[in-house]
Amino acid sequence: ACLRRQVLVQRVEIKRTIDGEESTLAFERRDDEHWDVVEPLGDWADSAQVEGFISSLDLMKSRGPKSEAKALNAFGLDAPVAEIRLIFDEKTQRPPAVLLIGQPAMSERSDTNNVYVKDKDSAEVAIAAVTILDTARKDLNEFRSREVLRFEPHRIDEVELTTPVGAL
């Protein structure tokens with residue numbers, strides 16, 4: 001069921017603030033197996049990175065009690081450090097899902113392995129693993145495809161090598 005939900009996601013937008021600079025990364029599904037980077041530039045995406053990110057959102061579990069967000073600033077959600085928007089296949093007629101990520105969630109143990117998160121359309125604030133924020137803050141190059149040559153070997157009928165003096 002998790003895999004099916006991932007296929008329904010057609011676009012992922014990550015708006016984040018890193019060192020005071022706001023930036024947006026956006027990815028669009030090219031087909032069932034491939035993603036493209038569409039913002040801030042056009043390129044092939046590392047599909048495993050994008051699918052892994054979607055999976056981590058799909059599998060995200062609350063690590064603490066949920067509470068009503070009476071004052072979003074107490075959780076750093078009035079000006080979130082990241083906003084993740086998932087846009088689904090139009091056939092689903094499902095509205096976009098928007099997750100806000102706030103400040104680190106402090107606990108009695110004073111660890112900051114968690115952050116406050118909130119579905120934009122919900123009044124509840126939850127605590128989730130900080131890895132979701134770490135992934136949202138990744139450098140664009142970590143999401144870009146590392147393929148040098150992009151082709152399907154089984155579709156090649158002929159190879160021609162050309163040098164400055166002509167074809168070999």
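In summary, Val125 fulfils each of the numbered conditions (1) surrounded by fewer than 16 Cβ atoms within 10 Å (Cβ to Cβ); (2) at pLDDT below 90; (3) over 22 Å from Ile18 (Cβ atoms) with the single exception of condition (1).
Report whether or not Ser56 is farther than 14 Å from Glu13 by Cα, open to solvent by less than 60 Å² (accessible area, probe 1.4 Å) and at pLDDT 90 or above. Considered against the rule, which asks whether it is farther than 14 Å from Glu13 by Cα, open to solvent by less than 60 Å² (accessible area, probe 1.4 Å) and at pLDDT 90 or above, Ser56 comes out as no.
If we keep just the residues of the stretch 12-23 that are modelled with pLDDT under 95 and open to solvent by 40 Å² or more (accessible area, probe 1.4 Å), which is nearest to Gln93 (Cα to Cα)? Among residues in the stretch 12-23 that are modelled with pLDDT under 95 and open to solvent by 40 Å² or more (accessible area, probe 1.4 Å), the one nearest to Gln93 (Cα to Cα) is Ser23. When the residues of the stretch 80-103 are filtered to those that are among the small types (Gly, Ala, Ser) and without any contact (Cβ under 8 Å) to a residue 60 or more places away in the chain, the one that is surrounded by the most Cβ atoms within 10 Å (Cβ to Cβ) is Gly102.
The values are calculated or read from the model by the stated rules, or taken from the named source; none is laboratory data. Here the structure is a predicted model, which means the values were calculated and not measured. Note that each Cβ is placed from the backbone with ideal geometry, even for glycine, and that neighbours are counted across all protein chains shown. Just the protein is used for accessible areas: all its heavy atoms, side chains included, with ligands, DNA and RNA removed. Shrake-Rupley method; radii C 1.70, N 1.55, O 1.52, S 1.80 Å.
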